[in-house]
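The values are calculated or read from the model by the stated rules, or taken from the named source; none is laboratory data. Here the structure is a predicted model, which means the values were calculated and not measured. Virtual Cβ from ideal backbone geometry, glycine too; neighbours counted across all protein chains shown.
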Amino acid sequence: MQTWIILALAWQLILALVAIFDKFLVHDKRVGSPFVFALLVTLLSGFGVVISLAGLLPLPEWMKFIFPSITAVVWPSPAQMGIVFLIGVANFFALYFLFFSVKKAHVSDVMPAVSAITSVVSIFLAWLIFHETLPAHAIWAFVFLIGGTAYISSFRFKNKVILAILASSLFFAINLIATKTLFTIFTFDSDPNSYTSFSSSFVWTRVAYMIVPILLIIFMKPFRDDVKSHPHRGKKLAGNFALVILNKTLGGMAALFNLKAVQIAANPAWVQSMSGLQYVLLFSFLISFRKFSAEHLGETFDRKDLFHKFTAITFIVIGFVLLFV
């Protein structure tokens with residue numbers, strides 16, 4: 001099995017757990033608004049730069065494959081800085097619209113829909129920018145992906161949720177393609193698979209993750225007011241923030257696996273095509289712990305719900321398989 005496949009599988013397993021935790025946190029405004037949650041997440045992702053300090057230690061070679069090093073980071077050119085800033089903007093708004101959708105609808109409905117649309121858009125962008133050949137079964141894959149998404153949206157989603165899912169998917173696709181562009185067209189090293197390229201891309205994108213939301217708060221009053229109106233203070237805020245840190249530590253691990261998989265995969269859309277496994281795991285977790293899902297996530301399952309979710313996820317999983325084979 002190719003290394004990037006193993007990394008992508010680990011990425012999807014962690015993301016299934018993170019998605020459940022995200023729903024738990026945004027449910028009943030435990031972390032305030034979707035903007036505040038996205039702000040916390042991106043700021044914490046930015047602190048992932050600390051991970052690169054591990055490069056100062058005498059790490060074995062196999063650990064260098066996974067962990068970036070501050071010693072291998074080089075200063076970006078203006079073009080590279082532009083791509084990095086685009087990644088930061090796309091990442092923030094992808095998360096913002098995702099959390100808005102998860103707050104308003106079932107996480108087991110939102111996550112498959114977002115990923116399906118992201119895959120379709122990212123494949124189109126990869127074909128347009130990198131001149132990648134479309135998968136052999138691309139048309140049928142798109143039919144199943146879009147069909148499964150439409151089946152979910154026709155039963156569950158309100159218009160605001162549909163628009164938020166579309167926006168989140170678009171920004172996730174831009175983030176994915178821009179990340180691959182950083183590794184290929186505007187690479188930090190002549191060898192895009194080098195340790196310098198990987199470490200520099202990781203560190204500078206994390207810096208952008210921190211800068212973008214700060215700029216939004218400084219220059220956009222609605223976002224600034226949103227932060228000021230956060231409902232929790234004191235110990236309750238500290239406890240909720242600790243949960244965010246715990247969840248996003250897992251998310252940081254997933255990001256490392258994803259970044260490395262995108263770097264070494266021939267087509268970044270292939271990495272996204274592994275997302276079908278995430279929803280099988282997510283659906284299985286929610287069903288296995290129904291009482292917790294109902295009380296803390298607002299996810300209820302009757303026979304009609306189970307049939308509806310199972311059918312839609314099956315369509316989407318088949319779509320991902322057709323993209324992959």
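Structure data summary
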read-out: Matching helices (runs of 4 or more DSSP H) fully within the range 1-77 where at least 3 residues are modelled with pLDDT of 75 or more and over 20 Å from A261 (Cα atoms); value: 3-26, 34-46
read-out: Single residue of the range 125-144 satisfying the filter (free of Cβ contacts under 8 Å to residues at least 24 places away in the same chain and in a helix (DSSP H, G or I)) that is farthest from F283 (Cα to Cα); value: L128
read-out: Residue match in the range 183-194 (condition: part of a helix (DSSP H, G or I) and at pLDDT below 90); value: yes
read-out: Tally of residues being modelled with pLDDT under 75, more than 13 Å from the chain's Cα centre (by Cα) and assigned to a helix (DSSP H, G or I) across the range 243-272; value: 4
